[in-house]
Each structure stands twice: as structure tokens, then as C-alpha cells.
């Protein structure tokens, strides 16, 4: 994966154009969330892209947690501190925090392993909607605002038993859903395997806002619009 074409890094200054971030979301992550469309009034850089750039830049540790505290748009320039620490916070030029990173365990700069992990971890997002999210919402009789859907990542985590591996395969496990009023969160869980052996696990947690009573007709339209948008992109 040529990750470098999806961002700009000038010394410690990290930035993204809308085109870069949108292309990554669609072509790499299979993520057609309207928040990542060029020209969107609420445009934001995909959390998967931030996750990927950080690991590419600082290296892969056995345990890594990413907590997002702000939505990055194309007007934001992030500063990547030149540190060798287990706890890193990412701020912009105006000292606003966007990301906290916690790490533990051994570290590797093996770019082949890093690229494999990023590819599998990011492609996992392409299965979230509608395959995972819609059945979960239906089971709990709630849905997002189909006119202005807002689904964003809150936290990402990976935990590997060892870095002494030459490949990684990702398998999806049971998700978890929590509902609190008009908000909720979904934890997407998965396991990592190397040559058929379990070597770790991961989680992506998403926050859902503006929840209301489930309406099958509105969900069907949202899914149809999503599939049309995806098919149009793939066919161009």
C-alpha cells in the first residue's frame, strides 16, 4: 500500500487534503460514510487513516490504543512530536488535542508487517455498514438519523501476543452495543491469526448520535443509497 499518497508530512507537520482523505476512505477502507465525501460540510479525515499514519510513523507496538477527541478536517495541521514514549498526544498548531495514543510491549519497524496489519485492519471498516451495523440497530429497535447520519470512531485498540510473526489474518468476532438515550456505541471485535495460530485481538469502537426508533423503510433507503454510491465509485 502506498500510504504516503494519502497525506502530507513536512518534518513534523501532518496534513490531509479532502481528496486524499476521501480517496483513502473509499479505495482502501471501503468506507462510504458521507463525512468523508469531498465538499461535505462536516468533512473529516477517517480515523483509519490517522491510525495508519501514526503506526507507519512511530512503529508498531504489541499493545496500542487510540482515543479520538476531535474530528480532523482539511484545515487542520497536526504536529507529530519527536518523542520515544509509550504515551503520545497529538495536537494541532493551535494546541488543540485530537488524539491520545497509549502503547506497551515490544516495538517493530518491520514495514511489511505494518503494511499487512494496516491493510487488514482498515479493510475491516468496509464491512461495518450495512453488514454489521444494521442488524445490531434492528435488534435494539433504534437507528441513526438517516438524513444526517453521524457515525464516528471513538477508540481503536490492538493487542498482539508477539511481534515475531511474518503475516496476519483478521477474523471478525461478536460485536457489542450499548445504548444510552439518543446516543450509543458499537464495539467491533476481531482476532488476529498468523499461519492459523491466534496471536492477538483488536477492537474498533464507534459512537452513534441522534438515535431514534427503528424504521425499516428509512433504513432500506439508506442502504440502497449507500450501495448505489459504492457501485458508482467502483465502476468509475
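Just so you know, all these numbers are worked out from the coordinates, no wet-lab data involved. None of the values given here were measured: they were computed from a predicted structure. A quick note on method: Cβ atoms are made from the backbone with ideal geometry, for glycine too, and the neighbour counts reach across all protein chains shown.
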Exercise. Could you identify the single residue in 152, 118, 114 that is under 16 Å from the mean Cα position of the chain (by Cα), under 23 Å from residue 98 (Cβ atoms) and part of a strand (DSSP E or B)?
Key: 152
Exercise. Just give me the residues in the stretch 190-210 being under 21 Å from residue 144 (Cα atoms), in a strand (DSSP E or B) and over 13 Å from the mean Cα position of the chain (by Cα), in sequence order.
Key: 208
